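Working notes, structure below.
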Amino acid sequence: MKFLLSLCSLVLVAQAATPETTLKFNDPKPQAYSLSARASEVDPRCKSHPEVGFVLEAGGKPADVEHANVDTRVTPKGQLVVWLMGHSQPLADKVNSYGLHYIQVAYAREWFAKLNSEPLDDSQHLGNIRLEALTGTDASKSIDIPVPDSMKERAFQLVKHLDKTNPQGHWEFFLNKDGQSLDWEKVIISGASHGATSAARFAIAQKVARCVMFCGPRDQLETWQGLPSATPANRFFGYSHVLDGGWTGDHYPRSWLLLGLNKFGPIVNTDEAKAPYGNSRRLITKYDVKGDPNKAHGFVQVNKNAPKDASGKFLQEDVWHYLFTAPVDVVGQPVPAEPETRMDLRKK
């Protein structure tokens, strides 16, 4: 009897762990779709915010074009990458090849060029600006971004639009049952540099499937990285070059420690280790960039000019694949915080 009860319990657990729906493509002509639409056409509520550098049109040309990519020839994983910087076709193609959907939305990320200062008496200043631009929450006195112009709402509206215009991609899979929001637990939030920092801030506020941070995050005088997080810490993945100024200045390693990523393994040099890198969440590279910090900053990102081996494979292919697809519940062994990482960068 006990065995039967245990067996029944296992079945119930397995059923509970199984998604209610499994995403499958039934495209009569499987292909890679590269789509775009203006945010202001998708949602007429969208407005310009010239005070922070975001406008719907610039120089007589649209400045609010959003992008979406899906490859129905690849078995879908049922997760959507939301990219927080300018559209990257190489990244879209790469994550599509992993079975992931991809969108890039137009939102007021340009505020950074105008408001990038960190007052010493406010440890949440930039974090609150990010939160408002990302969610439309009234979090900062320095910016005024309503919900329709937030990243969160624009992502939702774009996916609703794609559900109607590209049914082959089955974008409805990423909507909640009531159709009134995205199912964010199916979303991988990602970005590079400023975008990586905003991705981390969003993942702290909103539970997501995963947060992938290229060359980031920073906001080096702030402490929002250590706030209680809606997204479990094991779902954050970081990757940086050691000559990047954000690394040499302790900005990224400090943020990684505040996020608690040392609980899942040491910093791993991907030039020497092989996937899955001890299941660490903190990956670095020392690849030769001729001592150029600017090249180092962009090196870790997916791009067509990234170095390849003799067979034509990208040298960082295994790293990128790990960052976006490694099982989030498989983690490395915890290690102490690195004592050489400066945690209070306000001190000279």
Revision key, fill the gap. When D178 is run through (1) on the phi > 0 side of the Ramachandran plot; (2) modelled with pLDDT under 95, the failure sits at (1)
Point to revise | The lone exception for D121 - which of (1) modelled with pLDDT under 95; (2) within 25 Å of C215 (Cα to Cα) it fails | key: (2)
**Study point:** Residue match in the range 285-293 (condition: touching a residue at least 40 places away in the same chain (Cβ under 8 Å), within 22 Å of T325 (Cα to Cα) and out of contact with any strand residue (DSSP E or B) (no Cβ under 9 Å at 6 or more places or on another chain))
**Key:** no
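So which of R38, R45, R73 ends up being closer than 17 Å to R109 by Cα and touching a residue at least 24 places away in the same chain (Cβ under 8 Å)? Reasoning before the result, please.
On the way: R45 fails: closer than 17 Å to R109 by Cα; R73 fails: closer than 17 Å to R109 by Cα.
The conditions single out R38.
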Revision key, fill the gap. When (1) farther than 26 Å from A192 by Cα; (2) not aliphatic (A, V, I, L, M); (3) not in a loop (DSSP other than H, G, I, E, B) are applied to E51, the one that fails is (1)
Point to revise | Pair list, Cβ under 6 Å, 6 or more apart: the range 255-274 residue under 18 Å from V328 (Cβ atoms) and crowded, with 18+ Cβ neighbours inside 10 Å, other residue basic (K, R) and at pLDDT 95 or above | key: W256/R282; L261/R281; L261/R282; F264/R281
Review point. Which residues, taken from the range 285-326, are among the polar types (S, T, N, Q) and under 18 Å from Y252 (Cα atoms)?
Key: T285, N294, Q301
Review point. Filtering the range 187-213 down to residues that are farther than 26 Å from E172 by Cα and among the polar types (S, T, N, Q), which residue is surrounded by the most Cβ atoms within 10 Å (Cβ to Cβ)?
Key: T197
Exercise for review: Restrict the check to the range 30-52 and report whether at least one residue is over 20 Å from H161 (Cα atoms) and among the aromatic types (F, W, Y).
Suggested key: no
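Could you check how many residues of the range 325-348 are in contact with a Phe, Trp or Tyr (Cβ under 6 Å, 6 or more places away or on another chain) and either small (G, A, S) or within 17 Å of V268 (Cα to Cα) (or both)? Show your work before the answer.
Just the residues of the range 325-348 that are in contact with a Phe, Trp or Tyr (Cβ under 6 Å, 6 or more places away or on another chain), to begin with: 325, 331-332.
In the following step, the residues that additionally are either small (G, A, S) or within 17 Å of V268 (Cα to Cα) (or both) were identified as 331-332.
Matching residues across the range 325-348 total 2.
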Review point. Looking only at residues in the range 46-58 that are surrounded by 13 or more Cβ atoms within 10 Å (Cβ to Cβ) and out of contact with any strand residue (DSSP E or B) (no Cβ under 8 Å at 6 or more places or on another chain), which one is farthest from A133 (Cα to Cα)?
Key: A58
Review point. Would the range 310-325 turn up any residue that is exposed (fewer than 14 other Cβ atoms within 10 Å of the Cβ), at pLDDT 95 or above, hydroxyl-bearing (S, T, Y) and on the phi < 0 side of the Ramachandran plot?
Key: yes
Exercise for review: For the range 214-233, enumerate the residues that are in contact with a His (Cβ under 6 Å, 6 or more places away or on another chain) and either in contact (Cβ under 8 Å) with a residue 60 or more places away in the chain or surrounded by fewer than 17 Cβ atoms within 10 Å (Cβ to Cβ) (or both).
Suggested key: C215, Q220
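Against the definition (surrounded by fewer than 22 Cβ atoms within 10 Å (Cβ to Cβ), over 24 Å from M343 (Cα atoms) and over 13 Å from the mean Cα position of the chain (by Cα)), how does T248 come out, yes or no?
It is false that T248 is surrounded by fewer than 22 Cβ atoms within 10 Å (Cβ to Cβ), over 24 Å from M343 (Cα atoms) and over 13 Å from the mean Cα position of the chain (by Cα).
The values are calculated or read from the model by the stated rules, or taken from the named source; none is laboratory data. None of the values given here were measured: they were computed from a predicted structure. Glycine gets a Cβ as well: all are built from the backbone with ideal geometry, and neighbour counts include every protein chain shown.
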